[in-house]
Every structure is written in structure tokens, then in C-alpha cells.
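What follows is calculated from the coordinates using simple rules that are stated; it is not laboratory data. Treat the numbers as computed from the prediction; the structure is a model and nothing was measured. Methodologically, a virtual Cβ is constructed for each residue, glycine included, from the backbone with ideal geometry; neighbour enumeration extends over all protein chains shown.
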Amino acid sequence: MKILVTGAAGFIGSNFVYLMLEQHPDYEIVGLDLLTYAGNLETLEEAMKNPKFKFTKGDIADRDYIFNLFKEEKFDIVVNFAAESHVDRSIEDPGIFLRTNILGTQVLMDACREYGIKRYHQVSTDEVYGDLPLDRPDLFFTEETPIHTSSPYSASKAAADLLVLAYHRTFGLPVSITRCSNNYGPYHFPEKLIPLIISRALADESLPVYGTGENVRDWLYVKDHCIAIDKVIHDGKVGEVYNVGGHNERTNLEVVKTILHELGKPESLITYVGDRKGHDMRYAIDPTKISNELGWLPTVKFDDGIKMTIKWYLDNQDWWKNIISGDYKNYYEKMYSNR
Ligand code: NAD
Ligand code: DAU
């Protein structure tokens with residue numbers, strides 16, 4: 001079996017590469033990544049030592065490059081993680097989100113049609129469902145919840161999902177989609193809430209909390225997301241959407257305070273800043289379908305996962321300090337100086 005993993009040098013893609021090498025040592029894995037600001041080849045250093053893994057740098061929206069790669073490699077399965085993934089960046093500059101997330105998905109599926117494939121899997125997000133009100137804790141996103149997006153990021157992911165389902169219905173492409181809640185764990189880029197708070201708290205810097213900090217996210221340890229995708233690409237039904245989440249809802253303020261408590265840092269570091277435009281209030285996944293059909297259940301509780309994640313950031317300071325000392329420093333100044 002030969003698998004193409006796009007976005008392999010990013011947060012979830014790299015964790016998926018390591019899971020596949022561990023779970024399927026006989027598979028050949030090709031990791032593809034454009035190495036944008038979010039892609040980091042250092043993350044794949046260990047994988048590179050495995051003869052079953054190879055890396056290729058390229059753009060999923062570059063038709064000639066992608067078609068040549070598919071012609072040469074003859075993949076059995078494609079798992080598409082490659083994306084622009086940060087909501088705040090999509091509010092500043094939506095264009096690149098449409099190109100990568102929608103057109104890139106189209107190019108990959110066109111190559112699948114041309115060269116044949118057993119499965120095309122699209123890694124999507126719970127953000128395509130929009131948000132839920134804080135005063136209705138009984139409501140959850142199911143696969144039947146209507147698409148109702150808030151940000152250019154989520155709109156681009158929803159457009160890609162619709163295109164994937166259209167390629168299945170129109171061309172019979174064997175597709176599947178997972179829509180997962182917020183991930184956390186090793187190799188998470190420090191522009192996202194949890195690694196941003198850990199790295200800034202360790203440096204005794206102010207911790208920006210948007211609005212009142214009451215927004216709720218449903219956190220899932222990244223390895224559990226990767227296990228779910230592994231199950232879906234092997235046993236999930238073609239043409240189906242599977243929601244992935246573990247009922248680990250926390251307000252942003254709860255998350256920030258938990259991290260401060262674990263690190264022994266004072267809550268006085270918390271700084272309330274201007275809210276995100278169009279900020280979604282609450283995400284909450286109903287994972288009944290994937291649990292009933294494929295026997296997937298989360299294995300890591302948030303209280304354990306957050307400790308494991310903090311330990312990883314303490315043990316791997318070079319990884320994130322290299323990122324923070326480079327271009328990302330300018331990004332932080334630009335995004336937070338007038339908030
Ligand atoms: P990430 O930003 O860490 O990684 C994305 C990777 O894609 C980067 O390595 C980047 O270099 C690469 N990339 C960007 N444009 C590319 C292009 N044109 N061609 C090839 N590679 C390109 O993101 P992530 O958090 O790992 O998310 C991966 C996928 O999972 C995304 O599709 C995202 O929408 C989805 N998702 C993320 C979460 C989450 O909580 N992080 C939850 C649900 C779904
Ligand atoms: O739900 C899945 C989605 O989760 C993925 O599709 C996205 O790719 C991923 O980035 C993530 O989106 P969020 O917008 O939920 O994640 P982020 O880490 O950017 O923010 C989490 C919450 O924390 C959100 O309510 C905004 C808030 N926040 C974020 C940052 C960066 C702050 O309060 N302060 C901050 O500095």
C-alpha cells in the first residue's frame with residue numbers, strides 16, 4: 001500500500017505520518033508539503049530515517065507537479081491535510097485560503113481521477129458547521145448539521161468538502177471526509193491558542209485572550225484524530241462524512257488557566273484583547289457515527305493530554321524557539337499590537 005500524505009510537515013499531518021509508520025510498517029508513505037510558514041521539515045527528522053518514508057516539496061495547487069508525482073508514484077490512498085489552517089490569518093488575507101484549500105483539493109482529486117486511486121480522504125473541520133450557542137449545552141454537531149460557516153477559513157474548508165462530495169457523486173471518486181474538533185499535542189504551531197499560551201507563559205509574557213474568554217472549544221489529543229483517520233481510510237464507507245471529537249469542551253479561559261496552573265505561573269499574565277471578527281462561540285462534536293460504525297473512541301482525556309502536551313513543549317524548546325525567533329516574531333507584532 002502506498003499513501004500520499006499532503007501537509008506532512010504541519011501539525012496533524014506529521015503526527016499522522018508517525019502513526020502510520022508505527023501502525024503499518026509495511027506501507028510506503030510519501031509526505032508532501034510546500035513548507036509554507038507552517039511547515040517545518042525538522043518535525044519530520046525522525047521519519048526521514050525510516051526507509052519506508054520519503055519527503056517531497058511541492059504545492060497541491062500546482063497541477064503539472066501533482067500530475068507528474070501521481071504518474072510516477074501510483075498512490076493507493078491520498079490523505080489531504082495540506083491547507084492554510086489559521087482563522088486569524090484568513091481574516092487578514094482570504095485569497096491564499098481559497099487557492100490552497102479549494103483549488104488544491106480540486107487538483108488532487110483530478111490527479112486521482114486521472115491515475116486511479118482506492119481512496120481520497122479529505123481532512124476537514126467542525127468549523128464548517130458554524131457555531132452553537134453557549135446557553136444550549138444539549139446541542140452538538142452531527143453529520144446532518146447544515147453547513148453554516150463564519151470565517152474565510154471555514155468557508156474555504158466547506159467549499160472543499162462540497163467539491164469532494166460532488167466528485168464522488170458525479171465521477172464516482174471513492175472519497176471520505178472527517179470533520180474534527182480542535183486538536184492539541186506535539187508539533188502544534190505556536191500561533192494557535194494552546195502552544196501560544198505555553199510558549200508565552202514560559203517567557204512570562206502577556207497572554208492574549210480574545211473577548212471575554214468564554215468561547216468554548218472541544219479539544220481532542222492529536223493522536224486520537226490520527227487514529228480516527230486511519231480507521232476511516234481503511235474501514236469507513238465511501239462517500240461518507242465522519243465527525244471526530246471526544247466531548248472535551250472547555251472555555252478558552254479554562255484552558256489558559258489550566259496551563260498557567262500546570263506551569264506555576266500567575267493568572268495576572270492574562271490580558272483581554274479585542275475579539276476575533278465573527279468569533280464562533282462554541283464547537284461541540286457528536287461522534288456517535290464513527291463510534292458505532294468504526295469502534296473509534298478517544299483514548300486521551302483533556303486533563304492528561306494537556307499535561308503531556310506541556311511536557312512536550314518543555315522537552316522540545318528548540319523546536320518552537322526556532323519558529324518564534326524567525327518570521328513568526330513579526331507576525332505576532334502585526335496581529336496583536338493594535339488589538
Ligand atoms: P498546519 O497549518 O499545521 O499544517 C498545514 C500544512 O500544509 C503545513 O505544513 C503547510 O506547509 C502545508 N501547506 C500549506 N499550503 C500548501 C500547499 N499549497 N501545498 C502543499 N502543502 C501546503 O495545519 P494543521 O493544524 O496540521 O491542519 C491540517 C489539516 O487539518 C487542515 O486541513 C485543517 O483544516 C484540518 N483540521 C485542523 C484542526 C486543528 O485543530 N488544527 C482540526 C480539524 C481539522
Ligand atoms: O475546530 C477545528 C479548528 O480548530 C481547525 O479547523 C483550525 O485549523 C484550528 O486552527 C482551530 O481553530 P480555532 O480558531 O478554534 O483555533 P485557535 O487556536 O486559533 O483559537 C482557539 C480559541 O482561542 C478561539 O476561540 C480563539 C481563541 N484565541 C486564539 C488565539 C490565537 C485567543 O483567545 N487568543 C489567541 O491568541
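When the Cα positions of A228, A83, F171 are compared along the charge dipole of the chain, F171 comes out farthest toward the positive end, with charges on each C-beta of Lys, Arg, Asp and Glu.
Given their separation in residues at 0.36 nm each and the Cα-Cα distance between them, R276 and E46 gain 79.1 nm when the chain is fully extended. Binning the C-alpha pair distances of the range 219-282 at 10 Å intervals from 0 yields a P(r) profile of 16, 31, 29, 18, 7, 0 %, listed from the shortest bin outward. This ranking places L193, L98 by how few other beta-carbon atoms lie within 10 Å of each, fewest first, which gives L98, L193. Dipole check for the range 41-85: with +1 at the C-beta of Lys and Arg, -1 at the C-beta of Asp and Glu, and the Cα centre as origin, the magnitude is about 240 Debye. Remark: I259, I147, I270 ranked as I147, I270, I259, counting other beta-carbon atoms within 10 Å and listing the fewest first. Evaluated at q = 0.15, 0.20, 0.21 Å⁻¹, a Debye calculation over the C-alpha positions of the range 89-189 (equal weights, vacuum) places log10 I(q)/I(0) at -0.70, -1.09, -1.15.
In debye, nearest 20: dipole of the chain around its Cα centre with unit charges on the Cβ of K, R (+) and D, E (-)? Can you show the working numbers first?
Values: 37 positive and 50 negative charges, 68 e Å.
Dipole about the Cα centre, nearest 20: 320 debye.
Return M48, M20 ranked ascending by Cβ neighbour count within 10 Å, so the fewest neighbours appear first. The partial results should precede the final answer.
Details: M48 12, M20 26.
So the residues, fewest neighbours to most, are M48, M20.
For the range 171-221, the convex hull drawn through the C-alpha positions has a volume of 137 cubic angstrom per residue. If R0 equals 25 Å, the separation of the Cβ atoms of D64 and Y27 corresponds to a calculated FRET efficiency of about 0.40. Could you identify which residue out of D126, D110, D26 has the top mean-square fluctuation in a GNM of the chain using Cα springs shorter than 10 Å? Checking each option, the largest mean-square fluctuation is seen for D26.
For the chain, the spread of Cα positions along the three principal axes, ordered from largest to smallest, is 57, 44, 37 Å. Projecting the alpha carbon convex hull of the range 1-147 along each direction and taking the average yields 10.5 nm².
Calculated from the alpha-carbon coordinates, the range 27-80 shows an Rg and a Dmax of 11.6, 30 Å respectively.
What ratio of Cα Rg to 2.2 N^0.38 Å holds for the range 119-170?
Numbers: Rg = 12.5 Å, N = 52, 2.2 N^0.38 = 9.9 Å.
Rg over 2.2 N^0.38 Å, computed on Cα atoms: 1.26.
Can you check what the net charge comes to around Y18, using other residues whose Cβ is under 10 Å from the Cβ of Y18 (Lys, Arg +1; Asp, Glu -1)? Taking every Cβ under 10 Å from that of Y18, the sum is -1.
Remark: the range 214-311 carries a charge dipole of roughly 240 debye about the Cα centre, counting +1 on each Lys and Arg Cβ and -1 on each Asp and Glu Cβ. Relative contact order of the range 114-258: 29 percent, from C-alpha pairs under 8 Å at least 6 residues apart in sequence. Spread over its residues, the convex hull of the C-alpha atoms of the range 143-289 is 119 Å³ per residue.
Relative contact order for the chain: what percent, with Cα pairs under 8 Å and sequence separation of 6 or more? Walk me through the intermediate numbers first.
Values: 624 pairs, mean separation 58.9, N = 339.
In percent, rounded to a whole number, it is 17.
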